[in-house]
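Structure, as structure tokens:
The values are calculated or read from the model by the stated rules, or taken from the named source; none is laboratory data. Quantities reported herein were computed from a predicted structural model and do not represent experimental measurements. Neighbour counts are summed over all protein chains in view; Cβ atoms, including those assigned to glycine, are modelled from backbone coordinates with ideal geometry. Surface areas here come from the heavy atoms of the whole protein model, side chains and all, with no ligands, DNA or RNA. Shrake-Rupley method; radii C 1.70, N 1.55, O 1.52, S 1.80 Å.
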Amino acid sequence: MTPGELFRYDVRGFLVVQNAIEPAYLALLNERLDEWEAKAFVEYQELPEDANKDVRYNYILNLEPSLLDLAANEKVLPYLQEMVERPRLKSTWVTFRWRSGETRYHSNHTPSVTHNFYHFNGQIRHNLLNVMYAMRDIGPGQGGLKVV
């Protein structure tokens, strides 16, 4: 992590790692995820009218081996090693959402707990750092990820 990246992360609270997935691997992942999306759309159509309009597959790494290389992505792992003393894979899922489907603001912890993010010996440390991959381009105003 360069000093500039560290500064931007400290100010913004997030980093964008451009081209984190090689094009051929990204194409393979999108092909596999298209198949998962088709399956999810069938499940989506069966949801009751008042249900949350998304379909989520928990533990996707156990269900789709092609995603395993994302867990130890050589372009992302150095950032995790820089900010997380003992990295571990906590949550792995894929969510498909259709028009009007969204997840409201949420967190796995109380933001006021001071040990979730701290600075020690010149390093930023976390006990909960998330990595989000956008598998396709997301244009302005199209949603994706909100960072608060």
Check cross-link reach from LYS90 to the aspartates and glutamates: straight Cα distance under 19 Å, and skip same-chain residues fewer than eight apart.
-> GLU64, ASP69, GLU74, GLU82
How large, in percent, is the carbon and sulfur part of the accessible surface of region 1-86 at a probe radius of 1.4 Å?
-> 53
Per the 1/(1 + (r/R0)^6) rule, R0 = 35 Å and r from the Cβ atoms of GLU5 and LYS39, FRET efficiency to 0.05 is 0.40
